[in-house]
Amino acid sequence: MPTPNPSRKREGDNWPGLVNRDGSRWHYLDTAATAQKPQVVIDAMARAMGADYATVHRGVYSRSADMTLAYEAARRKVAGLIGGAENEVVFTRGATEAINLVAQSWGLHTLKPGDRILLSQLEHHSNIVPWQLIQQQTGLVIDVCPLTPDGQIDLDAAEAMLTPAHKLVSLAHISNVLGSVLDARRAADLAHAVGAKLLLDGCQSVARLPVDVAALDCDFYVFSGHKLYGPTGIGALWARAELLEAMPPYQGGGSMIDRVSFAGTTFAPPPQRFEAGTPAIVEAIAFGAAADFVAAAGLDAIHAHEAALVRLARAELGRMNSVRLFGPENAAGIVSFALEGVHPHDLGTILDEENVAIRAGHHCAQPLMDYLGVPATARASFGIYSDESDVAALVRGIERTMRIFG
């Protein structure tokens, strides 16, 4: 199995969150919800909060200037991770806010009654609800693309559904439940063929796959910091420069202005136009450190490592008659399943007793649960720090659960 670099060593200084208080190993299999943090990210955040701390974009004193340089360097690192330019990256509170920003600033001012957007059956709620809110305000129509039998977004169906009335296609690059990977370039080609824009939800992909927004030919790309081994409370919107230039501000306040008077206000150019108020300075710098960490580890190596663990987990679970697996065989870093006669919450509780952490529930994807015909699933998701012992612990815990429920 490929071993990414930096080291995946679990104990000691590298991954402090993977050691229980009594010193035992914690088999953390909930990386799709939020990733544990390497010490290098923790250290970057501590320095920014402590010895280096000052405001940005305001002070004329040297530490403020230094912090401003570090903050903007973080933007370059995050942009570079996905092949974008720094003036195309807006820092947000997370991917959810990034999608809401596009919905309110681009969608509300672009879409009109009768316009259509295309989502898919597997979308996270954050890529459904913002568009429903815009639907109420504009009268747009939301279409839903079905899935293939193995849980991929059915792009053949999408091609048949798309018309010139469609102005946006908004899809998950990787499903947070099924781990299925979208053929994003084909999705872009299909969207652009009818004059629509393509938004990709990259929350699960930026830490698992090499991403190049130019090669993907998308128009908007959103992702969060905490799934990228970085801090919570920060994420990013990448958008084509010409789209950002045409979009009005999402919020008003300090830092996003050119000049304010009671007669009227003019606004700063992107990305500052969309970053009203004092930003998440510390989090942004740690976000940049996380981008450096993932880039140094090598996304090809990370993907190969997680793919090997998915194959192992699916093979082990597939041998259990009581387990129903969801999603494709080549899922990226995620394995969702159901255990016959056992609610996922009960399974998750018993696994916790075995020092195994999984996610159990609808994963903020209730329409997908309806499609699968289950109220919830159990989900094991891997990261750079995961190894075969995590799969073995998961299997032992499931076997114990099956004995308990008889």
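The values are calculated or read from the model by the stated rules, or taken from the named source; none is laboratory data. Given the structure is predicted, the values throughout are model-derived calculations rather than measurements. Don't worry about glycine lacking a Cβ; one is built from the backbone with ideal geometry, like all the others, and counts go over all protein chains shown. Protein only, heavy atoms only, side chains kept; ligands, DNA and RNA dropped before computing areas. Shrake-Rupley method; radii C 1.70, N 1.55, O 1.52, S 1.80 Å.
For the chain, hydrophobic long helices are taken as DSSP H runs at least 18 Å long by C-alpha position along their axis with mean Kyte-Doolittle hydropathy of -1.0 or more; these are 62-81, 281-297, 299-318, 388-405. Antiparallel as a % of all DSSP beta bridges within the chain, to the nearest 5? Counting only bridges with both partners in the chain, antiparallel ones make up about 60 percent.
Once the 1.4 Å probe is applied to the protein heavy atoms, region 160-240 comes out at 24 Å² accessible per residue. For region 313-406, what class follows from the C-alpha gyration tensor (a ≥ b ≥ c being the square roots of its eigenvalues): rounded when a/c is under 1.5, otherwise prolate if a/b is larger than b/c, else oblate? Rounded is the answer for region 313-406, as its axis ratio a/c remains below 1.5.
How large is the charge dipole for the chain, taken about the Cα centre, if only the Cβ atoms of Lys, Arg (+1) and Asp, Glu (-1) carry charge, to the nearest 20 debye? Walk me through the intermediate numbers first.
Numbers: 33 positive and 44 negative charges, 108 e Å.
Computed charge dipole of the chain: roughly 520 debye.
Report the residue, chosen from VAL395, VAL177, VAL89, that carries the largest GNM mean-square fluctuation when the chain is represented by alpha-carbon nodes joined by springs under 10 Å. Largest GNM mean-square fluctuation: VAL395.
Ranking GLU123, GLU242, GLU86 by solvent-accessible area of protein heavy atoms (1.4 Å probe, all protein chains present), from largest to smallest, gives GLU242, GLU86, GLU123.
Could you please report the charge total around PHE326, scoring K, R as +1 and D, E as -1 over all other residues with beta-carbon less than 10 angstrom from its beta-carbon?
Working: positive: ARG324, ARG379; negative: ASP150.
Charge balance near PHE326 sits at +1.
Electrostatic tally near HIS345: other residues with Cβ closer than 11 Å to its Cβ, Lys and Arg +1, Asp and Glu -1, net -1.
In this structure the amide hydrogen of VAL141, modeled in the peptide plane, comes within under 5 Å of the amide hydrogens of GLY114, ASP115, ARG116, ILE117, none closer than 5 places in sequence on its chain.
Take the alpha carbon gyration tensor of region 152-300, find the square roots of its eigenvalues, order them as a ≥ b ≥ c, and report rounded if a/c is under 1.5; if not, report prolate when a/b exceeds b/c, else oblate. Here region 152-300 falls in the oblate category.
Given a cut-off of under 8 Å on Cα pairs at least six residues apart, what relative contact order in percent is computed for the chain?
Across the chain, relative contact order equals 22 percent.
Mind ranking 252-265, 196-209 by how tightly packed they are, going by the mean number of other C-beta atoms within 10 angstrom, highest first? Can you show the working numbers first?
On the way: 252-265: 11.1, 196-209: 26.6.
Highest to lowest by the protection proxy: 196-209, 252-265.
What does the accessible area per residue of region 260-355 come to in Å², with a 1.4 Å probe and no ligands, DNA or RNA counted? It would help to have the intermediate numbers written out before the result.
Values: 4010 Å² over 96 residues.
That works out to 42 Å² per residue.
Only one residue of GLN251, ASN321, PRO146 has its Cα farthest out toward the positive end of the dipole of the chain, where Lys and Arg carry +1 and Asp and Glu -1 on Cβ, and that residue is GLN251. Which whole-angstrom value gives the distance between the alpha carbon centres of region 210-281 and region 99-165? What the calculation gives is 22 Å, centre to centre. Near PRO279, once Lys and Arg are set to +1 and Asp and Glu to -1 for all other residues with Cβ below 12 Å from its Cβ, the sum equals 0.
Leaving ligands, DNA and RNA out of it, report the carbon-plus-sulfur percent of the accessible area of the chain at a 1.4 Å probe. Carbon and sulfur atoms account for 52 percent of the accessible area of the chain. From the coordinates of this entry, semi-axes √(5λ) of the Cα gyration tensor in Å is computed, and it appears in (i) 35, 24, 21; (ii) 32, 24, 20; (iii) 36, 29, 17 under the label (iii). Excluding same-chain neighbours fewer than eight residues apart, the lysines reachable from LYS197 by a Cα-Cα span under 16 Å are LYS112, LYS167. A helix-only calculation puts the chain at -11000 deg cm²/dmol for mean residue ellipticity at 222 nm, using -39500 (n - 2.57) for each DSSP H run of at least four residues, averaged over all residues.
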